[in-house]
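None of the figures in this text is laboratory data; all of them are computed from the coordinates on show. Here the structure is a predicted model, which is why all the values come from computation and not from measurement. Counting neighbours? That spans all protein chains shown, and the Cβs are built from the backbone with ideal geometry, glycine included.
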Amino acid sequence: MCKLAGPAPTLRCPCGETKLERVLDYNDPPVGEVSFPIIGSYKRAYMRCVICRHFFSQHEMDMSSLYGGDYLNATYGGREGVRAAFERVSALQPSASDNHHRVLRVNNFVDTRFENKDSGRSLLDIGSGIGVFVSGMKSMGWKCTALDPDGRFSEHARNTVGVKTTTCDFADVDISGWGNFDCVSLNKVLEHVEDPVAFLRKTSRLLSARGITYIEVPDGEMAVLDGGGREEFFIDHHHVFSSESLASILTRADLELLQLERLREPSGKFTLFAFASAAI
């Protein structure tokens, strides 16, 4: 077992519990993990909270440049790779597409919240990536804004998908004057964020009167039963969630949990999804 320094102050169990157990150790990248540019020896571990069963990463590698451009290059091979990935995922049959089910799930839930189903609903998708979700939501009549910290993702969303874009780090940007949205979505985003509570709390300020935040995160409780080599535990995931920890995070972020479920997606990913509204 490799010896590691204690977790950084911002990387801890979001419930505040300090009773932890060490459950996964890595001395080498697991099979299939993207080769990200990192500084330092590849030694890392996942700690798990004994109370809420939340997993969080512990290592001494420098990954500070990851979302400044290295993530896109390592994962997709640059701009052309982004377009190719978008076209490949968009061409999947509905039964094989995680995104097809995601779009229907969000639309069906919002239909229960809004009386007028043809009101030109608005969406802010944080961490939009290759843009398949905003593309699907646009096809359902939504007015979409794609937000990503990498300008190349934004360029793709603007030019290929045809939606409004914002390029920024949501954790740090001033959202004063942004207005309100009927849905703020974070699809497989919170696992990449050091402080998911603070990140989520900002979304409650952007919701319309009956607006909702939609979240998807990797389900660590199910994934760990299948072993530590799964994608849910790859190096770029600071956090891997349990149903209890996700519910706790939403409450701490001033959001009211409306629905939380787990599923095995067509891609094979173990996923937790939740809908939440601004707490009254």
Charges at C-beta only: +1 for Lys and Arg, -1 for Asp and Glu. How large is the resulting dipole of the chain about its Cα centre, in Debye rounded to 20?
460 debye
Could you give the longest part of the chain that holds none of the chymotrypsin sites (Phe, Trp or Tyr not before Pro) found in DSSP loops with at most 16 neighbouring Cβ atoms within 10 Å?
179-280
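State the percent of C-alpha pairs, over all pairs in region 66-278, separated by a distance greater than 21 angstrom.
That fraction is 53 percent.
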Once the other residues with Cβ under 14 Å from the Cβ of Thr160 are scored (Lys, Arg +1; Asp, Glu -1), what is the net sum?
+3
Could you check the spin-label model distance between Arg205 and Leu11? Points 7 Å from the Cα along Cα→Cβ, value in nm.
2.7 nm
Grab the Cα-Cα distance for Leu225 and Val31, subtract it from 0.36 nm times how many residues apart they are, and report the gain in nm with one decimal.
68.1 nm
Please give, to one decimal in nm, the separation of the simple spin-label points placed at Ala84 and Tyr42, each 7 Å out from Cα toward the Cβ.
2.2 nm
In the Gaussian network model of the chain, springs joining C-alpha atoms below 10 Å, which of Asn107, Asn180, Asn159 carries the largest mean-square fluctuation?
Asn159
Quick one: if you stick a label point 7 Å off each Cα along the C-beta vector at Ser267 and Phe114, how many nm between them?
2.6 nm
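Estimate the FRET efficiency between Glu194 and Ile280 by the formula 1/(1 + (r/R0)^6), using the beta-carbon distance for r and 25 Å for R0, to the nearest 0.05.
Step by step, r from the Cβ atoms, then E = 0.30.
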Can you work out the PRE-style zone for Ile51? Point 7 Å along Cα to Cβ, and I want the residues of region 257-280 with backbone N under 13 Å.
none
Could you work out how much longer the chain between Arg152 and Asp169 gets when fully extended? Use 0.36 nm per residue separation minus the Cα distance between them, nm to one decimal.
4.7 nm
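Taking 25 Å as R0, compute the FRET efficiency from the Cβ-Cβ separation of Glu60 and Arg252 and round it to 0.05.
0.35
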